[in-house]
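Asker: Starting off with a structure, shown below.
The values are calculated or read from the model by the stated rules, or taken from the named source; none is laboratory data. Because the structure is a prediction, the values reported are computed rather than measured. Don't worry about glycine lacking a Cβ; one is built from the backbone with ideal geometry, like all the others, and counts go over all protein chains shown. Remember, those area values only see protein heavy atoms, side chains included, never the ligands or the DNA or RNA. Shrake-Rupley method; radii C 1.70, N 1.55, O 1.52, S 1.80 Å.
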Amino acid sequence: MPGLYSTAKRLLVGHPLASTASSRERVSKTVGLPIFSSDAVASSAFATQEILHVLVPAVGMAAIGYLGPISVLVVVLLALVVFSYRQTIAAYPNGGGSYIVSKDNLGTAPGLVAGASLLVDYTLTVAVSIAAGTAALTSAVEPLRDEPVLTACALLVLLTVANLRGIRESGRIFAPPTYGYIAIMVVLIGVGLFRTTYGDLGPLPVDQDSIDHFTENGTLLTGASLFLLMRAFSSGAIALSGVEAISNGVPAFRPPEARNAATTLSWTGAILAALFVGVAALALQLQPTLSEDQTILSTMGRAVFGGSSVLYYLLQIFTAAILVLSANTSFADFPRLSAVIAADGYLPRQLANRGDRLAFSNGIIALALVSMGLLVAFRADVSALVPLFAVGLFASFTLSQAGMVRHHLRLREPRWQFGLALNALGAAATFVVLCVVLFSKFGEGAWIPTLVIPSIVAVFVVIHRHYVLVADSLRLQPSDVDEIVRHTIIVLVARPTRPAVHAVRYAQAMHPDHVFALTVVGDPDEREVAIAEWNALDLGLPLEVIVDPYRDLSNTVTAFLNQADARWADDTITVIIPEFVVGRWWEQLLHNQSALALKARLLFRPNTVVTSVPFRVD
């Protein structure tokens, strides 16, 4: 069994990398962009649709007219956030991110809120990205439309395995789809705007059935209210997801790390702005109808390229690929952030451990499991997941920028006034958007992360308190050096066998203060037989026999240990359990596991040591 597991692991994950290979696992700007920015780039595929999902049910096709102003506001906010995070990268070249920036400048509590917000954001990013990729895939492949959850979970598993292989190798996997998507989107927008400008292609026919499907009670408003526009803007603002990822992963870049990370961040902002505005401009020209069966991007692709053309299928393939792979931004940053928080003692320490491929494997697996739960719970529905999405995103944005404001005021580095103004404006803008999201999306699901984030912070505090208490208990005291340990050994035996005798000799070799054997039998007749068999061995070790008609080994042994504690109060008690080991894993299933159950019971008993003495059966 171990050999089969090892072989399967090597095939899926690859051969282990030495710790010294970490420097060779760093990435260039061209590889770093698909690793850390695929989420931001991919949001151009569904952000416009999410705006329409809010507006169409209320105002119908008039929703198209609002795309321009909303898109401009989103791009302005994007530019502000990109320039603000360039300041963060310069100030924290070792990888800042909202958690470190907030914790260092605003205090532990704001840092924990920022960390919790980012963890929620990264988890939802995976769920939304996989769901959006599934929607793009099912738009082109009709047989998959009936199984969106199964399709989404299968894609998530593939992405998880790719990330377990390590950051550099995952970058090689994700680079072609990312750049392929950018290229096909440029072709779509360029050809589409050219054709609509020169009269070859006009507005698409309105699908009234689809409009009626999304319209409540068949009634449309004459115009969008401020509240409705706020909801639409907050849905479009998810395009900013992933912009902060590069600031968390600065150490993953090749030297000079900060400069390469800042350059990649600027590329990300420029690409996202161009694609987002381009899609909105093409939608204004084509006026596609929001459909339940296919995405807006698919509808426009059919119109521009033709539904059966190679370019259309390339558009769908690359869109599905980039949307699924956009979750990689979270797979790159969630484990890294979890490791930082775990190193500070606010998450389980296992999350700070690197796996065979120098990736934070435990964090990757944890992210995959939670994201899969979200996909199943929300049926892989993008629109159902999006309202949950932006709260953590903009909360972390706001805390990070507020932390940078404090950083500039505290250190007053060269040109600090410019950085202060930029980060203050960024903090104000993202805080306003956070309020808009909470106000406009609260009833649609934004209340969930609003409750989850403080709950995660509470978990952080409990975990940290545990580690502090453990550290205090483990701290060496002067009296510990002079401590004299008295030792009592109890050897559990069932009947005289080779493993039992082997365990007895092992116990005697340790020369304890007190040592004896213990057996539990079901009736008095068995007691007499056990004593006679034991005395015949002449091992020089007394045997205690307990008669228990209920055959409850765990409780009987525990009660006996309590009596031994009372008799030798200052002794450390070692319970030795002889075990025979068979050659094959399935043979082990043919024998009872009473020793395993007893060890589990005694694990938490104070002042008690449990030792297994294995005896291999050839």
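Asker: Would you mind getting me the FRET efficiency between Q417 and K29? Use the beta-carbon distance for r and R0 = 25 Å, nearest 0.05.
Answerer: E(calc), rounded to 0.05, equals 0.25.
Asker: For helix 416-441, report the angle its Cα long axis makes with the longest principal axis of the Cα atoms of the chain; keep it between 0 and 90° and round to the nearest 10°.
Answerer: 90 degrees
Asker: Would you calculate a helix-derived [θ] at 222 nm for the chain, using -39,500 (n - 2.57) for each DSSP H run of n ≥ 4 and dividing by the full residue count, to the nearest 500?
Answerer: It comes out at -22000 deg cm²/dmol, rounded to the nearest 500.
Asker: Here's another thing I want to ask about it. When only alpha-carbon atoms count, how far does the range 405-470 stretch along each of its three principal axes, as whole angstroms with the largest first?
Answerer: 42, 42, 8
Asker: Treating the Cα atoms of the range 528-596 as identical point scatterers in vacuum, please give the log10 of the normalised Debye intensity I(q)/I(0) at q = 0.27 Å⁻¹, two decimals.
Answerer: Values, matching the q order: -1.22.
Asker: Turning to a different aspect of this structure: Mind ranking 370-379, 425-434 by how tightly packed they are, going by the mean number of other C-beta atoms within 10 angstrom, highest first?
Answerer: 425-434, 370-379
Asker: Angle between the Cα long axis of helix 167-197 and the longest principal axis of the chain, 0 to 90 degrees, nearest 10?
Answerer: Helix 167-197 sits roughly 20 degrees off the main axis of the chain.
Asker: Using the Cα centre of the chain as the reference point, and only Cβ charges (+1 on K/R, -1 on D/E), how large is the resulting charge dipole? Debye, rounded to the nearest 20.
Answerer: Roughly 2100 debye, rounded to the nearest 20.
Asker: Would you work out what percent of the accessible area of the range 505-618, with all protein chains in place, is carbon or sulfur (probe 1.4 Å)?
Answerer: Roughly 55 percent of what the probe reaches on the range 505-618 is carbon or sulfur.
Asker: Hey, what's the chain come to in accessible area per residue, 1.4 Å probe, Å²?
Answerer: Ligands and nucleic acids excluded, the figure is 45 Å² per residue.
Asker: Give the aspartates and glutamates whose C-alpha is closer than 20 Å to that of K103, dropping any in the same chain fewer than 8 places away, or say none.
Answerer: List returned: D121, E244, D333, D344, E413.
Asker: Shifting gears a bit: If you find the alpha carbon centre of the range 545-568 and of the range 73-127, how far apart are they in angstrom?
Answerer: The range 545-568 and the range 73-127 have Cα centres separated by 57 Å.
Asker: Sort D571, D207 from largest to smallest accessible area, using a 1.4 Å probe on the heavy atoms of the protein chains.
Answerer: D207, D571
Asker: List the aspartates and glutamates whose Cα lies under 15 Å from the Cα of K441, skipping any in the same chain that are fewer than 8 positions away.
Answerer: Result set, ordered by chain and number: E50.
Asker: Relative to 2.2 N^0.38 Å, what does the C-alpha radius of gyration of the chain come to as a ratio? Two decimals please.
Answerer: 1.25
Asker: Working with all protein chains in place, sort L411, L323, L144 by solvent-accessible area computed with a 1.4 Å probe, largest first.
Answerer: The most accessible residue leads, giving L411, L144, L323.
Asker: Something else: Using only the alpha-carbon atoms, how far is helix 67-91 inclined from the longest principal axis of the chain? Give it as 0 to 90 degrees, nearest 10.
Answerer: 50 degrees
Asker: Right, here's the next one. Starting from 0.36 nm per residue, how many nanometres of slack lie between R567 and F194 once their C-alpha separation is accounted for?
Answerer: 124.9 nm
Asker: Any idea what log10 I(q)/I(0) is at q = 0.15, 0.16, 0.17, 0.25 Å⁻¹ for the range 486-554, Debye with uniform C-alpha scatterers and no solvent?
Answerer: One equal scatterer on each Cα of the range 486-554 leads to -0.48, -0.54, -0.60, -1.13.
Asker: Kindly rank 460-471, 515-526 from highest to lowest mean number of other beta carbons found within 10 Å of each residue.
Answerer: Final packing ranking: 515-526, 460-471.
Asker: Further question: Which of the aspartates and glutamates could a cross-linker bridge to K599, judged by Cα under 19 Å and excluding same-chain residues fewer than eight apart?
Answerer: Leaving aside aspartates and glutamates fewer than 8 places away in the same chain, those within reach of K599 are D552, D565, E579.
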